[in-house]
Amino acid sequence: MKTKVEGILISKHPFGERNLIGTLLLRSGRVLTVSFYGGQGGGSKKKSSVLELGFLLKVEVSQKGRQGDIVAAKEWELGWHHRNIRSDINSFTASCLMFEIIKKLAEQAYLDDEDIMSEQSRGIFSVLSNSLFYLDKKLEQE
């Protein structure tokens, strides 16, 4: 069973006061739903959140029992992030459209899955990551 995963955050929803439930597109091309305790930031230490759409995250996860498709994040760190997409409305809208399409196309991942994936499912991650990278690079040049 895997405990460390890496993926691009393609959706997030608030849960409770400070928690988030996010969907990661893993390098395998599958999606994993993760619960981030304290993911919204804030609190007494005024901690900021690094959980933004399109950011590549390295997450250590755990699954307590078989509680459906959601796993809990123990720790997470930022792997890569775009700098300019969020400030340009057209680019942000295009990236959100890509995220919604990918959520419909990608299969659900489970922690006990083996890494036997087709080239097509791996290609979904490659297309999204390259799109975000080059979109951000183009906005830097403007």
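The values are calculated or read from the model by the stated rules, or taken from the named source; none is laboratory data. Because the structure is a prediction, the values reported are computed rather than measured. Methodologically, a virtual Cβ is constructed for each residue, glycine included, from the backbone with ideal geometry; neighbour enumeration extends over all protein chains shown. Note: accessible area is taken over every heavy atom of the protein model, side chains too, but ligands, DNA and RNA are not part of it. Shrake-Rupley method; radii C 1.70, N 1.55, O 1.52, S 1.80 Å.
Numbers for the structure displayed
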{"quantity": "Unique match (being touching a Pro at 6+ places or on another chain (Cβ under 9 Å), over 18 Å from PHE99 (Cα atoms) and modelled with pLDDT under 95) among GLN40, GLN63", "calculated": "GLN40"}
{"quantity": "Scope the range 1-22; condition open to solvent by less than 20 Å² (accessible area, probe 1.4 Å) and under 17 Å from PHE99 (Cβ atoms); matching residues", "calculated": "GLY7, ILE8, LEU9, ILE10, SER11, LEU20, GLY22"}
{"quantity": "Matching residues, the range 96-113, being at pLDDT below 95 and aromatic (Phe, Trp, Tyr)", "calculated": "TYR110"}
